[in-house]
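What follows is one structure encoded as structure tokens, with my remarks underneath.
Just so it is clear, none of the values below were taken in a lab; they were calculated from the coordinates. Quick caveat: nothing in here was measured; it's all calculated off a predicted structure. Every residue, glycine as well, gets a Cβ built from its backbone with ideal geometry; the counts of neighbours run over all protein chains shown.
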Amino acid sequence: MDKFKNDINEAEMKYFSIVNNILDVIVELDLDFNITYINPQVHDLFGYSPEELIGNKSLDFIHPDDLSKITKALSKTIKTGELHSEEVRLKHKNGSYISVSIRGRRVKYDDQLKIIATFRDIMQIKKNELKVKESDKKYREIIENIQDGYYEIDLVGKYTYVNDYTCQYLGISREKLLGMNSNQILDKNTREEIFKIFSNMYEKN
């Protein structure tokens, strides 16, 4: 019996060692959504110590506009056992809000049902997405203003993008060009040249 208890204690120590050193924030909630445990990583992301949060209602830290969504998701988790990925904004200790992705599930131990959830900061992902959009916008503005024809086609030869000059040169509207196949417009020699270029690119990659 003592060996059995020692094995359990050792397993628990390993579990808490993993939880306390994992990069994601891990939180345990009771069925009233009160925080019963949260790992130390919460301080790096939100500025709180675990002691400041344990015993508080988790919903108090949710952005008001996300409150209804996450309440429904957590309530569904209690019924179904799974919390599918949700994006919400959580309040930092300094009063700002941080966008996070939350996943979790319902668990049972010591005859009690709990919700175990993990969340990670997605602010950097959103910043990167914004940079890509801004870069793409600048790129499109340059392409639209050059005095040369520019177009993009997919692997089957359909136009996916054309600039204004291309439309003017061909005398075809952008709406009509998009979705058309380049074979309908390009002459045989040009089609063969483009085919060679794509073939060489494909072989090199």
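For T36, T80, T166, the sequence from fewest to most other C-beta atoms within 10 Å is T80, T36, T166.
Taking N as the number of residues in the range 132-204, what value does Rg over Cα atoms divided by 2.2 N^0.38 Å take?
Expressed relative to 2.2 N^0.38 Å, the Cα Rg reads 1.19.
Close amide H pairs (under 5 Å, H built 1.01 Å from N) link R120 with S101, residues at least 5 positions away or on another chain.
Computed from backbone phi, the HN-Hα couplings of the range 53-64 come to 9, 4, x, 8, 7, 4, 5, 5, 9, 8, 4, x Hz, rounded to whole numbers (Karplus: 6.51 cos²θ - 1.76 cosθ + 1.60, θ = phi - 60°; Gly and Pro given as x).
Measuring between alpha carbons in the structure, the pairs from K57/K131; K69/K127; K69/K114; K69/K131 lying more than 30 angstrom apart are K57/K131. Near the amide H of N34, within less than 5 Å, lie the amide hydrogens of S58, all on another chain or at least 5 residues away, with H placed in the peptide plane.
Database remark: amide H of I153 closer than 5 angstrom to the amide H of T160 (H placed geometrically; neighbours at sequence offset of 5 or more, or on other chains; Pro and chain starts carry no H).
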